Structures are given as C-alpha cells and as structure tokens.
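Engineer: One structure coming up, written as structure tokens, with questions to follow.
The values are calculated or read from the model by the stated rules, or taken from the named source; none is laboratory data. Bear in mind that the values here come from a model prediction, so they are computed numbers and not experimental data. Cβ placement follows ideal geometry from the backbone for every residue including glycine, while neighbour counts extend to all protein chains displayed.
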Amino acid sequence: MNMSEQLEVKYGLPREVKFCKRCVMSNQRPVSEIEFKHNINTKKRTLAFDEAGICDACRANEQKERIDWEKREQELVTLLDQHRSKDGSYDCLVPGSGGKDSAFQAHILKTKYGMHPLTVTWPPILYTDYGYQNWKNWIDIGGFDNISFRRNGRVMKLLTRLAIENLLHPFQTFMLGQKNLGPKMAAKFGIPLVFYGENEAEYGNPIADNSTSLRDNSYYTFQHLDDLYLGGVSIGELREKHNVGIGDLMAFLPAPADELMKANIQVHYLGYYLRWTPQEVYYYATEHTGFKARPFRTQGTYSKYNSIDDKIDDLHYYTTYIKFGLGRATYDASQEIRNNHITREEGQALVKKFDGEFPDRYFNEIMEYIELDPQRFHDLCDKFRSPHLWANDNGTWKLRHNVNNDGFNDNR
Ligand SMILES: [Zn+2]
C-alpha cells in the first residue's frame, strides 16, 4: 500500500508532488488566486504540467522565443497613439513601488513612447530603507508625478494579522491594494490606460493576456460585497466582530464594476508588448531611475534585487515554503533557469542551500507591528503544514519530496 495515499492534503493541492523537468518549480504552486474571494477552504488552482513534465511557466517563456516582438511593439504604438494626451493631462497610469519593474515601465512609456504617466504607489506594509530610497529615486531621478496612498493604519494592521492567523498569508493586504489601487485611481482621474509589467499570475493562459477587459475580469471589480473575504474573514464578520466599517475596507477592495465600466479603463501588461527579461529590466532601472539593489542577500534566497521594498516580503516567501513546499530560492531560480541565466543543476543547489531559511532579520519587528506573539507565529506555521508535504522526523520538519530528490519520502 502506498502510504502517501492516506495523508491529508490541504488547500486542494495535487496529492502527488511533481517537479518540472526544466525549472525547479513544483505542481504545488498556486496560480491566479483571486484572493478577496477566498477563505482557507477554497480549492486552489495550481501550476499545470504537460505530458513531457514541463510546467506552464516554462512553456510560456519558450513562447517568448517565437513571438514577433517587432509586431508586438507596433501593436503597443498603435494603442498608445490612440490615447496619447496633447494637453498635458495624464494618459496612462503605472502602479508600482519604484522597484525595478515599475521603474522600467514608467520610464520607457514616458521617454521612448512619449506618454505622460501618473505613477501610483500602494506603499509596503513596512518599508525597508532600500525600498523607501528606491521609491524616492523613482520619483526624483526618474521624474514622475506620484500619488502614494497611505491607507487606514489600524485596519491595515488588523487585516494583516488576520491574514496570517487565518491564511498564513502575511502579504495579502499588500497584494490586494497593489492590484486594486491602479484601476480605481485611473477611474477617479479619467486616465484611459493602466499598465502592469509582467502577467505572472496568468501562466495558464499565456496567449490571451494582452489586454484585460474589465467587462469579463472580476479581478478588478466586484458585484457582491457579501461574497468577499479579507484576511480569510467575510466582510459581514469583519463588520460585526471586528468593529470595522465598510468605509474602512474599501481601500482594500476592487472598484465596483459599473464605476470602472463607465470610466472605460483598459488594463494592459507591458510584458505582452515588450520582451521582459528581469535582469535587463534591473540594469535599465539602475541606469535611468537610480534603482539600487540591497548590498546584502535576501534571506531565503540568493538574490539582491527582487522585491526588496517590504520587510514582510521575506516572511511571505517563508510561508509559501510552509504551505506549498516552495521557498523564495525556488521562485528566483526557476525564473533564472527559464531565462538561461543558470542551469537546472545550479538551481537545485541554490534551492538546497537557501529555500526555507528563516527570515529573522525583520521578524521581531513585524511581530511587534501586528501584535502577534512570535511563538504563536511558529505554532501557526506547524498548523498550516500540509501532511502530504511535510513529515515530522523526531521533532524536525522535513519535506517529503524536494527537487533534489532527497526528501523524507524520496527514493534515496
Ligand atoms: Zn518549469
């Protein structure tokens, strides 16, 4: 009898753990989470693999090789020509933190394509010094108008703690605001185009992602408030039990569909039109907007320039390691393998060395901020480990399967 068939599987993840033959990602990776519609019991859609054992993210990346990028750029120029402002008003909006991607987006739209972007920022939960400096440089050196939206701090703190307690998801409040703020502000200011960078969430459908019509994409819109959850708690319960008014929650929610529809906003991914290589985007941002990597390695991985704005970011990837067996080195190495910067073997070694490293640099500060006992966080982690992924070997947690094939239940 196969023992693994008896083990509980949490979050509706695939029972059998498979690793991509090209990168180091597994089939446990959730994709396209529409998080404000989810509580912990919602089954997650996960990264698909084809018959050859290659993941959709790798296949999507291979397709970039076959894309006629000149034609794609021409599509972009046609789109921009229809909307470029002649009177100094804003004609596009770039949401971002001033990290390498948003810095590249805003700068190239302005300088190469003659657009007039408004940048909007949903600030990190807890800024790192480097994140704050990069945001400032983006605006001051890159040269953009910016609206930085400071939300209700009491509610931000409450929702962040609830998201950890109920979903083990420290980053949910940040991700929701980041996704929702852009289209809402575009509607307020009557700005016709919103540009995100790469469409990472939609690996399942790499072709049809050039433009997101608000008509058919509920990611940016909502109809029924009662169906929504924040921090794994329904809106109704938040109002009753936590003494939070609907007005306090609006900043975290998408705009009503009819409001966006009336404003006729289009959401586009620049990564559909322009070839997107993270390393080149990094060099571009360094040169043009004063972007700086951190001089030290990010805990849980080997890189210094990916998503370094928020102190909670490192803890977020620690929780993906707990819930899905996938730490930050797995995410970073997979992307670099796809872009041929490292080999799969190098990726495997990096995962072995860094995945799951506990991010203690900012940990106590974060716990203090959300008023959670550090020991309670560790207890929550153990509660959120799915038995089909984790074995407790005499008091030490071990992954049953890993990309190096030397996990607790791998055939060693
Ligand atoms: Zn892959």
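Engineer: Considering (1) more than 16 Å from the ligand (Cβ to nearest atom); (2) of a type outside the set (D, E, K, R); (3) in a helix (DSSP H, G or I), say which one Tyr331 fails and leave the rest.
Structural biologist: (1)
Engineer: Is it true that some residue in the range 143-161 is touching a Phe, Trp or Tyr at 6+ places or on another chain (Cβ under 6 Å) and assigned to a helix (DSSP H, G or I)?
Structural biologist: The answer is no, given that none of the residues of the range 143-161 is touching a Phe, Trp or Tyr at 6+ places or on another chain (Cβ under 6 Å) and assigned to a helix (DSSP H, G or I).
Engineer: State all residues of the range 49-66 that are basic (Lys, Arg) and more than 10 Å from the ligand (Cβ to nearest atom); if no residue qualifies, say none. Break it down into steps so the answer makes sense when it comes.
Structural biologist: The initial filter retains those residues of the range 49-66 that are basic (Lys, Arg), namely 59, 64, 66.
Within the range 49-66, Lys64, Arg66 meet the criteria.
Engineer: In the range 240-265, how many residues are under 22 Å from Cys92 (Cβ atoms) and surrounded by fewer than 19 Cβ atoms within 10 Å (Cβ to Cβ)?
Structural biologist: Of the residues in the range 240-265, the ones under 22 Å from Cys92 (Cβ atoms) are 254-255, 257, 259-265.
Narrowing further to those that are surrounded by fewer than 19 Cβ atoms within 10 Å (Cβ to Cβ): 257, 259, 261-264.
Residues that pass the stated criteria total 6.
Engineer: Oh, and also: Taking the conditions exactly as written (charged (D, E, K, R), more than 24 Å from the chain's Cα centre (by Cα) and modelled with pLDDT under 95), does Arg412 satisfy them or not?
Structural biologist: Numbers: charged (D, E, K, R): yes; more than 24 Å from the chain's Cα centre (by Cα): yes; modelled with pLDDT under 95: yes.
So Arg412 fits the description; yes.
Engineer: Quick one: how many residues across the range 239-256 are assigned to a loop (DSSP other than H, G, I, E, B) and free of Cβ contacts under 8 Å to residues at least 12 places away in the same chain? Spell out how you get there, then give the answer.
Structural biologist: As a first pass, look at the range 239-256 and keep what is assigned to a loop (DSSP other than H, G, I, E, B): 242-245, 253-254.
Going one step further and asking which of them are free of Cβ contacts under 8 Å to residues at least 12 places away in the same chain, we end up with 243, 245.
Total meeting the criteria: 2.
Engineer: Something else: Counting only residues that are modelled with pLDDT of 95 or more and either within 21 Å of Thr319 (Cα to Cα) or of a type in the set (Gly, Ala, Ser) (or both), which one in the range 30-79 is nearest to the chain's Cα centre (by Cα)?
Structural biologist: The residue in question is Gly53.
Engineer: Output the number of residues of the range 162-174 satisfying the condition of being in a loop (DSSP other than H, G, I, E, B) and in contact with a His (Cβ under 8 Å, 6 or more places away or on another chain). If you could, list the steps in order and put the result at the bottom.
Structural biologist: Residues of the range 162-174 in a loop (DSSP other than H, G, I, E, B): 168-171.
Narrowing further to those that are in contact with a His (Cβ under 8 Å, 6 or more places away or on another chain): 169-171.
Here the count works out to 3.
Engineer: Inside the range 71-90, can you point out the residues that are in a loop (DSSP other than H, G, I, E, B) and over 19 Å from Thr121 (Cβ atoms)? Spell out the reasoning first.
Structural biologist: Narrowing the range 71-90 to residues in a loop (DSSP other than H, G, I, E, B): 84-90.
If the condition is that a residue be in a loop (DSSP other than H, G, I, E, B) and over 19 Å from Thr121 (Cβ atoms), then Arg84, Ser85, Lys86, Asp87, Gly88, Ser89 are the ones that fit.
Engineer: Tally up the residues in the range 103-124 that are within 21 Å of Val77 (Cβ to Cβ) and assigned to a helix (DSSP H, G or I), please. Explain how you work it out, then say what you get.
Structural biologist: Going through the range 103-124, the residues within 21 Å of Val77 (Cβ to Cβ) turn out to be 104-118.
Still in the running and assigned to a helix (DSSP H, G or I): 104-111.
The total comes to 8.
Engineer: For the subset of the range 355-412 comprising residues that are under 23 Å from Thr298 (Cβ atoms) and without any contact (Cβ under 8 Å) to a residue 40 or more places away in the chain, which member is surrounded by the most Cβ atoms within 10 Å (Cβ to Cβ)?
Structural biologist: If we take residues in the range 355-412 being under 23 Å from Thr298 (Cβ atoms) and without any contact (Cβ under 8 Å) to a residue 40 or more places away in the chain, then Met367 is surrounded by the most Cβ atoms within 10 Å (Cβ to Cβ).
Engineer: Let me ask something else about it. Have a look at Tyr283, Tyr317, Tyr321, Tyr369 and point out the one that is in contact with an Asp or Glu (Cβ under 7 Å, 6 or more places away or on another chain), away from the ligand (no atom under 16 Å from the Cβ) and part of a helix (DSSP H, G or I). So that I can check it myself, show each step before the final result.
Structural biologist: Values: Tyr283 fails: in contact with an Asp or Glu (Cβ under 7 Å, 6 or more places away or on another chain); Tyr317 fails: in contact with an Asp or Glu (Cβ under 7 Å, 6 or more places away or on another chain); Tyr369 fails: in contact with an Asp or Glu (Cβ under 7 Å, 6 or more places away or on another chain).
Just one listed residue meets the conditions, Tyr321.
Engineer: Kindly indicate whether Ile342 is free of Cβ contacts under 8 Å to residues at least 24 places away in the same chain and within 16 Å of the ligand (Cβ to nearest atom). So that I can check it myself, show each step before the final result.
Structural biologist: On the way: free of Cβ contacts under 8 Å to residues at least 24 places away in the same chain: yes; within 16 Å of the ligand (Cβ to nearest atom): yes.
Yes: the conditions hold for Ile342.
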